[in-house]
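Enquirer: Quick one: the structure is below, and I'll ask about it shortly.
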Amino acid sequence: MQTAAAAIATARYPILGANDRIQVGIVGLGGRGTDHINFYSSLDGESRIAAVCDVNQAARERAVAKIQKEKSFAPKEFSDMRAMFESKEVDAVSITTPNHWHALATIWACQAGKDVYCEKPACHNVYEGRQMIAAARKYKRMVQIGSQSRSIAHRQQAMKLLNDGAIGQIYHARGLCFRRRFSIGHTPDEPVPAGLDWDLFLGPAQMKPYSKNKFAYNWHWFWDTGNGDIGNQGVHEMDIALWGLGRTGWPVSVSSTGGKYVWQDDQETPNTNSATFDFGDAYLSFDTRNLPTPPEGLFGMKGPNYTGNIFFGSLGFLIVDSTGFELYKSLAGTVTREQSLGAGGGRLEKFEKTMEKKAEEQQAWQTQPHVKNFFEAIRSRDHRKLNAEVAIGVRAASYCHLGNIAYRVGRTLRMAQSTGRFVGDDEANSMLTRDYREAYAVPSQV
């Protein structure tokens, strides 16, 4: 089917006008896929859900019934995404599959002449990200990655302040991903449920017996299909950290420590992890934790979760999260004794504070501007108008993968800047890609 898809890509597709509704196909109809149905349905004047696809018959039936009830029409239904990509009734596709499918699905869609909104993380490993970029460029496709922070106004404002030098030279970016989760327990291997194509679900991953924990949401916590929480929620904060630092290349070295503590279950990925990326003149540290954790950012305890970023510069620091940002800037080198600190006293530097606080944004409205930006790029045929075009999303995902590789090999890794490979470490370099099943290999030539 890849050959047929590549042939389709050579055909000329009509340029959509400002009043043309974009016909969308959604691949993956779990929790996030259902969110995408809601997003596109809310943009009814701009788009129409023309098709839905999932390897699970029950998920397809739920999606069709939902759209039929809300929009009074039934989208076309597919079990294999390749058949959807061949349909000329679909202009663009949303990829909301598990992580291990993101790259191959995007590449196939680009070859078939479709524009792509692909959920984060962009790719399951570093090699796949490179191939996604190559496919997007070769077939001149708009590929937006679901890093919706790039389309949120207060985050854009915070990043502009950093890039304009508001806190001086930035020497440290800290990403925080504190998501309270719980043990997934143990589930036995069992027969594949009726209506589920398990072979197609695994796709690029190696064949393994079905179990409930390997399916539905918990695929995140297995190396074959997910990337742990650093590659799940954490990739958003990783993207912001790189955005604020202004880094587009590779770090000099990567190290990572942590483990899976307390829980005794099927999960393979760590529930506590600290990764460090050293650039020589600055560094990025990233903390991921699923166990009880205090917040370290803008505000005090509001619940079990906190995700955000802290940037440290020569003139001050900036904190940004979903509720807004705060910037603290040193007052012209003024250092005064403010109070006694401990037995020996202390000296506190005075800071002035700038704050931009937003009301807590609902997830749907965080994503909706990102989808609208995707539509704008589709109509303009200019990938530079995408707020999180594929190269941006791949960079953030790749840093998550580097952190995971350093964790898995258990040592500090040095990187060659010209190649993006590890210096003198065959084991680590083997983890930049994966062993693919032949029918689902990410191609070396896209």
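Enquirer: How compact is the range 217-305 by the rule of thumb for globular proteins, expressed as Cα Rg over 2.2 N^0.38 Å?
Expert: 1.19
Enquirer: I'd like to know which of G313, V192, S380 lies farthest towards the positive end of the charge dipole of the chain, counting +1 on Cβ of Lys and Arg and -1 on Cβ of Asp and Glu.
Expert: S380
Enquirer: If each DSSP helix of 4+ residues adds -39,500 (n - 2.57) and the sum is divided by the residues in the chain, what number results at 222 nm, nearest 500 deg cm²/dmol?
Expert: -9000 deg cm²/dmol
Enquirer: Here's a follow-up. Measuring from centroid to centroid over Cα atoms, what is the spacing of the range 209-232 and the range 396-446 in Å?
Expert: 19 Å
Enquirer: Also: Could you tally the net charge around K208, taking each other residue with its Cβ under 9 Å from the Cβ of K208, Lys/Arg +1 and Asp/Glu -1?
Expert: Working: positive: K214; negative: D189, D224.
Neighbourhood net charge equals -1.
Enquirer: Further question on the same structure: Quick one, what does Rg over Rh come out to for the range 158-199 if you take C-alpha atoms and the Kirkwood Rh?
Expert: My calculation of the ratio gives 1.43.
Enquirer: Just the number, please: percent antiparallel of the DSSP beta bridges in the chain, rounded to the nearest 5.
Expert: Of the beta bridges lying entirely in the chain, close to 65 percent run antiparallel.
Enquirer: Now, a different point. First select every other residue whose beta carbon is under 10 angstrom from the beta carbon of F286; then total the charges, Lys and Arg +1, Asp and Glu -1. Intermediate results must be reported in sequence, preceding the final value.
Expert: Numbers: positive: R174; negative: E237, D287.
Neighbour charge sum, excluding F286 itself: -1.
Enquirer: Additional query: In whole Å, largest first, what are the principal axis extents of the Cα atoms in the chain?
Expert: Taking max minus min along each principal axis of the Cα atoms, the chain gives 73, 50, 44 Å.
Enquirer: Under a plain spin-label model, where a point goes 7 Å from the Cα along Cα-to-Cβ, how far apart in nm are D197 and K76?
Expert: About 1.5 nm separates the two model spin labels.
Enquirer: In the chain, which whole DSSP H runs stretch at least 20 Å along their own axis (Cα) and average 0.5 or higher on the Kyte-Doolittle scale? All intermediate terms of the calculation are to be shown ahead of the outcome.
Expert: Numbers: long enough: 57-71 (21 Å, -1.25); 363-380 (27 Å, -0.84); 390-409 (28 Å, 0.76).
Qualifying helices: 390-409.
Enquirer: Evaluate the charge dipole of the range 128-272 about its Cα centre and quote only its size in Debye, nearest 20, assuming +1 on the Cβ of each Lys and Arg and -1 on the Cβ of each Asp and Glu.
Expert: Result for the range 128-272 is approximately 760 debye, rounded to the nearest 20.
Enquirer: Same structure, new question: Which of the lysines could a cross-linker bridge to K66, judged by Cα under 16 Å and excluding same-chain residues fewer than eight apart?
Expert: K76
Enquirer: Taking only Cα atoms of the range 369-446, what ratio of Rg to Rh do you get with Rh as the Kirkwood inverse-distance radius?
Expert: 1.10
Enquirer: While we're here: Using +1 on the beta carbon of Lys and Arg, -1 on that of Asp and Glu, and nothing else charged, what's the dipole of the range 223-308 about the Cα centre, debye to 20?
Expert: Here the size comes out at about 240 debye.
Enquirer: A follow-up question, please. Kirkwood Rh over Cα pairs of the range 169-243 into Stokes-Einstein at 37 °C, 0.692 mPa s: D in µm²/s?
Expert: Values: Rh = 14.7 Å.
In µm²/s, the coefficient rounds to 223.
Only the coordinates and a few stated rules stand behind these numbers; no lab work does. Since this is a predicted model, take the numbers as computed values, not measurements. Glycine also receives a Cβ, built like all others from the backbone with ideal geometry; neighbour counts cover every protein chain displayed.
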